[in-house]
Amino acid sequence: MFEKRGQFTVFIILGFVLIATFTFLFFARDAIVQQKLQLQAEKIVQEAVKTSSINFYVKSCLDRVVDDGIYLLSLQGGRIYESQGGSSQNPDEPGVDHLAFNLSDSYFNTSFYNYTNISYGIKPNNNWSCIYIGPPSFPFINTSLDLVKTVYQKSITDNNCDFTSGAFGIAELPKLCDPEGPNRINASETEGFYFHGVCNFGYGDNSVQKQLNTYISKAMTECVNFTIFENLGYDITVENNPSGSTIFSDKSFVVNISYPLIVQLGKNKVKTMANFQTIKNIRFKKFYEYIQSLLEQEYKNIFFDIERDYKNPLLGWDSKIKLVRIMNPCYECERGYFDDVFQIIDNESIIRGHPLIFQFALKNRGPALDWIDSGMRYNVVVREGQEIFLNPKGIDPDEDNILYNYSGWMEEYNSTFNESACSYDLANCWADPSMFVINQQYRVKNWTGSELFKETNRNASYRVKRSDLGLHYTVITVEDEEGKIDYQNISIMVEDIPVVIPSGSNIYDDIGDKNASIEDPYVLSSLDLSFFTNVEEFEWKDLNESFTIITDLSEITIPFLEPNTFTIETIKEEAFTSINTHDISLRGKYDLNEWTPASIWQVEVHECLPHRNDNDSFAYPYHTIQNPFLANHTCCSDETNSWGTITTNNTCYDIVEYGSNLSFSNIDTYFGNPSIEPSQEIITEEGFDENDIVKREIKRICDGTRGNICQGDMFDERINKQDCGDYTSDSDDERCSGPQNIEVTYSEQTCYSYTLGNSFETTFSLLDKNGNDANGICNEGLKCATDKGLNGGIFVNADSDFGKHYKCKAKCDGGGCSYPIDCVCGGIECGNIAYNFFCNDQEPGFSWSITNGNGNEAKKERGCTDSCEFEICTPYIFENFVCLETASNDDDCDDGFSHDPDGNKCISCNQNNIETGGDEANNKCESDATNCDANESCDEIEPAKPITCENNKRKTYCTSNCQYETIAPTICDSDCNGYYGDQSCDGKMTGDSCGGPKECTDDCECQIIM
């Protein structure tokens, strides 16, 4: 079964192979047949063309059509309109997209076309994003025409402006080449770019190439009648219109025309092509690109004159090319009347015996006025008395004649400057000088009436006067023949010639400014009276001392040092030198090297200036204010007969101080700041102790050399103003009275009684009388005292009635060495009638013990009270000058005693835990105290006594060693609470004899038992 299936599969495969082979052979046979028919048809067409007049006939048509097309396209600015068989849209209105022009009106009438519609090669650039279209900013605001080309190049980058545009126009010529045509960049080597060359000005839609191909294709359809094939016996018909193709090179161009034909071969119709070609030795590509170069210069560079500058080999010109300009050719046009036509004639490119003429129109463009500017704040800046020269430069991109017009200031009106208003408000006058100009409205025509304008019809001049100061505006307008204008509103600033006024001043409010000295600074100030002119430098001259100072500062100080390095000590060597009247002149320099006339300031120079300062009465170097010159000039006379002369021997520095002699500074600290050492020092002293109040007076006198410096001899006189006392006893080692402060004072002092713990020695950080560091204890020995510490006390002799318990050291207190400190208990020597030798020489509160602490520190149960009385405190301890009377814990109890909470007392127990010692021992059992171990139920219970009873018999009781026991109630006990039995039964049991025949009953009664 498997074998049969395998055979069936083989048969199927073989069937597919046979079918595929048959199909391939069928189509191969058909292709071979078609190829043979195609070759046969092409051969028939070639033979028909070559062996008959068809080739001559078609090529003749082609030559004529190409000549017509290239000439017509050139005469119309690179366009063949649809109505003429081309592909350019038909023209609209003359003056809008073309000019109607009859070539016969031109002196160069060599064309077989006369009346043509010439398209524009350049139109004005009306793209607001690229330039300013209208005046006065055209084409760029505040920009010189020299920079326009560069600025527009930036607009191309920044604002996406067309590369084929400039500030003065937009290219309107069609592109030469079709981006899909045979001159395209990626065309085959034999077809286009590599063989014929690139189109240098790019590619575009509806190019010259495309228009020419369209025209040729349509014209050849009309020119050639292919029924000629039938007349010659060929069965050949034309299927569709022919298609033309133009290929440009620099020196020629090639035109190919292809006809689609149908050849009848028996029963078969075979399609084939008949191709014809003509080569024109016309350098149209080079010629057209030369014209594109001219127009590129024309719309980018306003200085380019196409009529003047077309002969430029760098643009592609040679001697075979001529240019003719026809101005305003469309004299009947409602629009475009002022537009021009240019004819570019190539005498090397000949068509039917005539040179090739390329025509284009140029739309009239408005003129541009070059930016007039001074490089300063205003366009024109002049000084009063100067002459203004306005030299405007207008350029018309079409090279039309330009008219120059003036208007505004000094043409339509003149003006007067309001000097008083400007002086009152200089800030606003400087900010906007035009606000202070008063215009008078009548025509003066100073510009156009000037001789310069009459000579040039362009430039103008005017000489300004003082009344012309301020800011003015004159409008200069350029206008072409159509009335298109550009203008600039020129700001003209007329500045004044400055006047400088000198003045001088010393730096003292109480001295007239006409006075100076050889030892004081003197300020020279220049007042610049000008509205708009800046004085650049000032020249000061002292006509007496022949010094000259040139500076840009409006205020200088004499002496003039840069930088100011003089001081009050050195100024005498740098300032004025002669004592007399000085004439000082001032001039100001402006406008580079122009100087104002000189003005004179007169000043009287003295030896010194008697300045007085009520707020700083001492002269240098004892001044307190920052500027030493402003201190008191004590050594300069202000007397009428000697005013401004230096004095001698009068006091220029005087200071009085009070305090301990220890507080006074060394005399050299009074030499001033900075220090000026005197030639001699005279010091006098009276007798005084160091803790006495001393008055010190320091004086310095004028030495006759300077009026504003105190630098003569010094006097230091010291006298005892108040005796503050010495030591109160031989044992005193510190003093309790003296100056209150370490520092000196400038008002009188009295002796000060030092407060508790202070002394003269501690206040002044001195050693005491014994050479030790002062500690405020004025007497280190022990003296009998009536009291101690804060309670005060009186030191007394041993036999005084005031004798008490103490002997103490002493501190100063209110001027006397009388405040007891560090006291101990005195004895009989201090009259202590409560004397106890245990407390002698011990401090009150001293405590000690004679008990044993059982290995611990013994507790102190003895001590000296605050009044130096001896106390024994057992069973309590001695604490805080007294014996404790109650206890709060064991620490309050003497050795051998412990705290009993019942009554807060100190107790002791025997071996049976019975309270036998201490404060009021009660001989009862004790369990609360530390050294008592009775049962808690027995606490404060007598030993061997019942606790609870039943029928007068003990039930629970404390043993003799204070332990708690419970027994059967069998023994009568009279100690039972509420015992009502007989005493004779006490301690006996029921049935025991209680005397005679009596026995104790169950309730402990003694009865006769029957």
In the list [x] 131, 75, 60; [y] 148, 123, 52; [z] 204, 152, 50, the entry giving Cα extents along the principal axes in Å computed from the coordinates is [z]
Go through segment 684-772 and name the GluC sites (Glu not before Pro) that are in a DSSP coil and have 10 or fewer other Cβ atoms within 10 Å of their Cβ. Glu743
Could you tell me how many degrees, from 0 to 90 and to the nearest 10, lie between the Cα long axis of helix 208-223 and the main elongation axis, the longest principal axis, of the Cα atoms of the chain? 30 degrees
Could you check the spin-label model distance between Glu686 and Lys43? Points 7 Å from the Cα along Cα→Cβ, value in nm. 16.4 nm
Output for segment 388-464: chymotrypsin sites (Phe, Trp or Tyr not before Pro) sitting in coil per DSSP, at most 12 other Cβ within 10 Å, listed by number, reads Tyr442
Within segment 630-701, list the trypsin sites (Lys or Arg not before Pro) lying in a DSSP loop whose Cβ has at most 12 other Cβ atoms in a 10 Å radius. none
How would you rank 545-552, 894-901, highest first, on the average number of other Cβ atoms within 10 Å across their residues? 894-901, 545-552
Calculated from DSSP H runs of 4 or more alone, at -39500 (n - 2.57) each and per residue, what is the 222 nm mean residue ellipticity of the chain, nearest 500? -4500 deg cm²/dmol
Accessible-area value, Lys988, 1.4 Å probe, nucleic acids and ligands omitted, Å²: 60 Å²
Past the 22 Å Cα-Cα mark, which pairs from Lys149/Lys286; Lys43/Lys267; Lys285/Lys363; Lys695/Lys769; Lys251/Lys363? Lys149/Lys286; Lys285/Lys363; Lys695/Lys769; Lys251/Lys363
Taking only the C-alpha atoms, wrap a convex hull around segment 297-354 and report its volume per residue in Å³ as a whole number. 114 Å³
For the chain, give the percent of accessible area contributed by carbon and sulfur heavy atoms, probe 1.4 Å, rounded to a whole number. 48 percent
Mean separation of Cα pairs under 8 Å and 6+ residues apart, divided by the residue count of the chain: what relative contact order is that in percent? 5 percent
Based on DSSP, what percent of beta bridges with both residues in segment 360-493 are antiparallel, to the nearest 5? 90 percent
Can you tell me which of 701-709, 621-629 comes out highest on packing, and rank the rest after it, using the mean Cβ neighbours within 10 Å? 701-709, 621-629
Rolling a 1.4 angstrom probe over the protein heavy atoms, how many square angstrom per residue are accessible across the chain? 50 Å²
Out of Asn275, Asn613, Thr651 - ranked by how far each Cα lies towards the positive end of the dipole of the chain, with unit charges on the beta-carbon of charged residues - the top one is Asn275
Given the convex hull over the Cα atoms of segment 369-490, what projected area results after averaging over all orientations, in nm²? 8.1 nm²
What per residue convex hull volume, in Å³, comes out for segment 499-606 when only alpha-carbon positions are used? 102 Å³
Mind listing the long-range amide H neighbours of Ile351? Cut-off is under 5 Å, sequence gap 5 or more, other chains count too, H placed in the peptide plane at 1.01 Å from N. Leu356
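The values are calculated or read from the model by the stated rules, or taken from the named source; none is laboratory data. In this text the structure is predicted, and so the values were computed from the model without any measurement. As a convention, Cβ positions derive from the backbone with ideal geometry for all residues, glycine included, and neighbour counts pool all protein chains shown. Areas reflect the complete protein model, heavy atoms only, side chains present, ligands, DNA and RNA absent. Shrake-Rupley method; radii C 1.70, N 1.55, O 1.52, S 1.80 Å.
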